[in-house]
1. Within straight cross-link reach of LYS876, meaning Cα distance under 19 Å, which lysines are found once same-chain residues fewer than 8 apart are removed?
2. Keeping every protein chain present and rolling a 1.4 Å probe, give me the accessible area per residue for segment 1159-1219 in Å².
3. How far apart, in nm, are the 7 Å Cα→Cβ label points at LEU1355 and GLN1434?
4. Return the distance in nm (one decimal) between the two label points of a simple spin-label model at THR1531 and GLN939, each offset 7 Å from Cα along Cα→Cβ.
5. So if we plug the beta-carbon distance of GLU1110 and SER1170 into 1/(1 + (r/R0)^6) with R0 = 22 Å, what FRET efficiency do we get, rounded to 0.05?
6. Roll a 1.4 Å probe over the protein chains and send me the accessible area per residue for segment 733-809 in Å².
7. Once you've got the Cα coordinates, tell me which of LYS35/LYS193; LYS621/LYS691; LYS667/LYS691 are over 18 Å apart.
8. From the cross-link list LYS957/LYS1117; LYS700/LYS766; LYS700/LYS846, which pairs have alpha carbons spaced over 27 Å apart?
Amino acid sequence: MILDVLADVVASAFLNPMSSAPTIPAAPRKPTTAKHVLHSEILSVTSVMRKNSRWASSTVVVGSRDPSTLGTNLGLRISSPANVARLSGRGSKEAELMSNFIELKRAIQDVPDILTMELTTLLAPFFAILRSPLSTGPITSAALSSLHTFFVSGLISPDSVGLDVALAELSSTISHCKFEASDSSGDEVVLLKIMTVIQDSLCGSVGSGLGDIEVCEMLETVLTTCCQMRLSEILRRSAENTMHSLVRKVFSKLHVLDPEEEEAKLVVPEAENEVELKMSVTADDLQKTQPPEPQTEQNDPEASTSDAQTVDPQPPTEQAPEQITEPEETEETAEEDQPLFSAIPSAKRPEYGLPSILELLRVLVNVLDPNDQQHTDSTRLIALGILNASFEEAGFSIAKFSSLKALVVDPGCKYLFQLARSENSSILHLSLRTISTILESMSKDLKLQQELFLAFTIDRLALPPAKPSVAGKRAGLSTPRPGTPSLSTPPLGPIDEKPENAPPSTRATVPPARGETRELILETLSHICNHSDFMVNVYINYDCDVNCENLFERLVDFLTKAVYPAQGITNPESQRNAQCLSLEILLAFVNGMAGRLDNSPAKWPSDYPTIGSLLEAKSRKQLTLTGASLFNFKPKSGLAYLEENGLIYKDLPPDVTKEQSLARFLKSCTRLDKRLLGDFISKPDNTELLKAFIELFDFKGVRKLSRLFFSQSIDHSLSRYFQKDIAEAMRELLESFRLPGESQQIARITETFASIYFASEPEEIKSEDAVYVLAYSVIMLNTDLHNPQVRKRMTVEDYQRNLRGVNDRTDFSPEFVQNIYDSIRKREIILPEEHRGQAGFEYAWKELLARSRLAGDFLECDTAAFDVEMFKAVWKPVITTIAYAFITFEDDYIIQRAIAGFRQCATLARRFNLPDVFDFVVVSLSQATGLLSDSLPSQIPNYPVVEVEGQSVTVSKLSVEFGTNFKGQLAAVVLFNIVNGNGNALREGWTQIFEMFQNLFLHSLLPTRMLQMQDFLGGITMIPLRGSQPQQPQPRNEGGLLSALSSYLMTPYSNEPQVPDATDADVENTLCTIDCITSCRLDELYSQIVQLDSEAIVAAIRALEALAHERAVAKLKLQTEDNLTSLDDPPYKLPYDPASMFLLEMMISITCQAPQYIEDIWPIIFEHLSALLSSSTQYSILLIERVVVSLLRVCTYLAQSPSLRDQLYVSFDLLARMHPSVTNSAGIGEQVVDGLIHIIRDNKDIVRSQTEWNLVFALIRCTMSQEGAAKMSYDLISAMASEGPGNAVALDNFAGLVNVLDDFASAAGTLAEAHQQKRRKVEPLTTANSPVIERGKKSIDLLSGLYRQLFGGLLEGSQMPSSHVWKHLVLPLLISLGHQSTNASREIRHHAIAQLQRNLLAPSLTPENTEQNQVEGLFNRVIFPLVDELLKPQVYQRDPQGMPETRLRASALLCKSFMHLELRDIQVRADFRLLWIQILDLLDRLMNIDKNDQLYEAVPESLKNVLLVMNAAGILVPPAEDEEQDEVRKTLWTATHERMERFLPGFLTSIIPASQPFSP
């Protein structure tokens, strides 16, 4: 660095005017001024000449002229040598140089304007000084200063006369400037001034007048000075700076040159060229066999001429191959035989252009050859710097010239890539910089070269991670691809990641770069990637090309891994720098895609392949890689896969066979295992395939020769056709697969080759058998010459001897055999993967160039058409890496960029409709928030609550920790800002969102709106954090006063947990947490959930259900297994968990606010709710209550969905089957009934069938024992059954209503009986003091009303058979009334028997309307059971005081019913003898059950009435002696008489005398 600065200072001191010359045009000078300048410079030079003692001794006779010339002019005849006293030796030459200035003075003395004179005349004395080896350093320096002054003053200007000739002479003079050596510093000053003049010439206003030859000479002079290691560092650095300026000037001309015209100059025949254009670079320290140059010495005036040394800017060295030698000049001939000026044509020379630029580039490129021992790294450093300056100046223009482009493509890139593996950091730095500049300028023409460099860069940078990585491999299968350069240390070719079954790679591994080398390579990669469209272009050109590797995926894979710590990097700063650079590239890639979303991307060029075709190629490439990998594992599986995916045998034309189709694939696919391929095609079953495979080779061939560069022209060699000899043909064949080891397979391959090769009509081969033998001989010769185990090698004579008589019984010509022998000897036939070292690299480079001709140009377009596929391929490692950087990096800028990366990835995921990606962003950010917890407590600790600005603030552990986690707060804000408004893009990520909600809820950090729950009874309430604690049993007070006092004092400490105090810091951190949560806008997100699309909201519900299941169902199962010790143990009951409640409430709230998606959501919800309700006794009653409410709230929306009506009743059934201990608990029954009421009230037509009504009534019955629920359900039933506007009685619900009303009445009886059985006397329950009794009594009224409604119009229009009506409607109702006639409640019992009697005696039940079996049914199922039940003692004990009256009423009912149903018709309808006997039995029992009872008297009276009616109707008539009775009446009388005689003897005959006749 110091030397660079010093070099600049020195250059500015000596070359100060130089810098202004190219940019500031010289002002026009007056003629007198120009003459003055010239006189002054002549004086300056001659003064320095006279100061030298040797020059001072050389007397110059002023005015001495050639006498012959003067005499001739005067007409005199002068003898030749007689009177001429000539100076001889060195002195004469020095005097001659001095006299040139005198002559110039005389010449310009009378010229008024010297600018009209030939410039060569004015500069000739100065040029003579510079050419003369007699000049000393000071004299030469003065002459050079004069020339510089002429440029600055404008004496040498574009308007000068004879400028072209003068510039040509100047170039030649400067390039051959010689002077005697003096002190080293003075000599270097001369060299500096030489460079000054060169820069004046080339960079000044006259530079455009220079020709190609002059430019090459000047550049060669400066370049050689740069490479002279014996010169001082300052001088060489100054020369290098000058060279950079010259090169920039020269290459800048490419912007204005016409490529076609300039390329035409290069094909001019050599005969037309005056001088060969050739540059060379020599450096004195590069010639190892040459003795070092003599050091300059101080000038000794007494030294002899033979001892004096000269300094030449181009000192003599061993000539390089491209160097041109010049004829040596002796001191004797230098002046006598050489004129003052060279013979330069006067015609205007063309300006310099492409030839000189090409020659300079050729020289610089050749210097880079790492295998050329003529040049050292020092020289290559100089050449690299110059090359980089050239490409920076030329930019994209250099690719417009085919000759320059060809030179850069090869060998320029070849040498640069080899230098890129140098261990010399300086070489590495400049080579990488030059490569990046070239790729920037010529990327369109360097597609495969850029692939090679990027792959090599990735391989060099790849380091093993600090810990074993489990990151997933890149998608797809791949196998090693040959055709890229491979070196042993390190290889440049890319390494593909292989699947498990891929063949092992034979390529050398790449040693990872470390230290400064790694930093340089990574910086270069960062520089190359610093374009928004770089990744797009890489994806288009490589990942979408089947012949290239997936470079985009490899690059992203490396960058993502490079952000993590790696092994082998001990310097933390270096480690972090590499991580930051890699992250910056990744973030730039993401930013580029995000930018293309909003900005209109570049239009896809019409001359490019279509976007669809590229994407199809990418898909086909993936299939090809997979198929190749499967083929390498098992060929049969690979072929099946290839055929299945249409890569072979698809849409074959008639003239193409399957074997040909497969052969094309096998030959074109570079990912196949060559060993396996050779074995496969040579199998006996694949003979046709082998033939088709070998037929794909063009053995006639066309080979394109490389372009050869010459000095002034480039010979663009045309393609020439030639017949490939058999060695080349075998080489091409055997490089496509490995020859199998089995002799039969080799013979099969050789026979097929011989047949096909002979068909190409090779020269000198007469038969196919000869080809067969030759092919075998080539294989054997290759083994013999290159197998290290063979000691005695085959000579060409031996080889020729082996081939005698093979060619159809004749010999091959010696030349033919020699060519085959030499070809194999020089180049071994070997697989590309097995090449090693430099030879391997050369072969692989040749293959790369061959591929380049088919690969096409590098496509460049900043399009968004591929962003979706690119993002799909790499999103997971990219987001993971961003998350890692966000969590671990401390730099604010990196954190800010990572946050932007998260936002952009989320935006891309949403726009590309990739929910998995959005989920991953959410998951990654959520892990960084610190709001996720592995385990959440079921019991909430008692956190301190403080008042801050009138608000209660809970200071919890989470609030304190999160308040100090600044990065977590950032992550939370970013996360929720991303999710807000983008919920439709979220799927699995909802789990993390709700987990954070859950954690915040447990620590009282959620907004109030999210803590609310809604039910049917109390409206909106808050979710409780703690359930009701069971009361602890009070210990018995068995002690005295002291123990009681001790218990009193210790109770608060033992039963109530202490609340910790909150510090000021804790409160402050909690406030920070609250502010952060507020910034997250959780309530907005919560409100947005219900507005999501179907898929998103279903995913949210599914996430909630999974979390709730884990907190409740799964936890119960686990705890049950842990706590179960024996089968007799009671079931484990899970304590109240507020998190389960919160998740349930959120799930139901979202569902109820998005009823349009109920069909999709319902299965998820029901699964969870049913799991809880099926084990309702094992959960907290508070949780089960909320489950019931939740289910019914959802049912309100099920009722509105026709497709889910059946699920409504599934839910009802689930609720009805809950354990009675649950349904009878406070709150649950009321919630059930209230929810049911809402459903039925809001959806009046929802219940349409008897089955559905039965489920509704079952749900009512299960809650009937709970007072509040019973009241509400009764109100519902009453409204339905009562006659009026709310009447909802139908045939479908009639039976259900009867059963429910019967249950209400029975419930009242049960209560009354329980009340009656209390030990102490209590006031009996009545309708006045018991709502239950009141409901029971009203139920009887409702039952009676149902009976009336049934016959009052309910049956109108019904097609129901009367038998069905009787059996399923009428009879059950009467049975119910009969059943309630034994109710323990007196009011209900009497009311029921009264209603029963009313209904039985109603006009609807008459003999005309009823059948005998129905009447019998009434007695057998209603009346008889009623009377029989009343006769039971246990029934009597229900109400001993009121039961006699009931029996009395029952006996009256029995008699009246019989008379109404059986005796109203005069005609006897049926035989009711058995029925009548049963009635008599019951009356007997009633009468005799308690003789002190009223029944004892009432029964005979009732029976009397019945007997009289029967007699009056002629049914019961005593038999008469004079008439005959039918058997029925006779039997009836007999049976009646016999039965009554048992309990009422003589009663029958007293009522109906035996003599009384029957008069009908």
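1. LYS473, LYS561
2. On a per-residue basis, segment 1159-1219 sits at 33 Å².
3. So the label points at LEU1355 and GLN1434 sit 3.7 nm apart.
4. With each label point 7 Å from Cα toward Cβ, the separation is 8.1 nm.
5. On the way: r = 17 Å, r/R0 = 0.76.
Taking R0 as 22 Å, the efficiency between GLU1110 and SER1170 is 0.85.
6. Details: 4260 Å² over 77 residues.
Normalised by residue count, the accessible surface of segment 733-809 is 55 Å².
7. Listed pairs above 18 Å: LYS35/LYS193; LYS621/LYS691.
8. In this structure, LYS957/LYS1117 lie more than 27 Å apart at Cα.
The values are calculated or read from the model by the stated rules, or taken from the named source; none is laboratory data. As the structure is a prediction and not an experimental result, all values here were calculated from the model. For neighbour counting, all protein chains shown are included, and Cβ atoms are generated from backbone atoms with ideal geometry for every residue, glycine included. Only protein heavy atoms, including side chains, enter the accessible area calculation; ligands, DNA and RNA are left aside. Shrake-Rupley method; radii C 1.70, N 1.55, O 1.52, S 1.80 Å.
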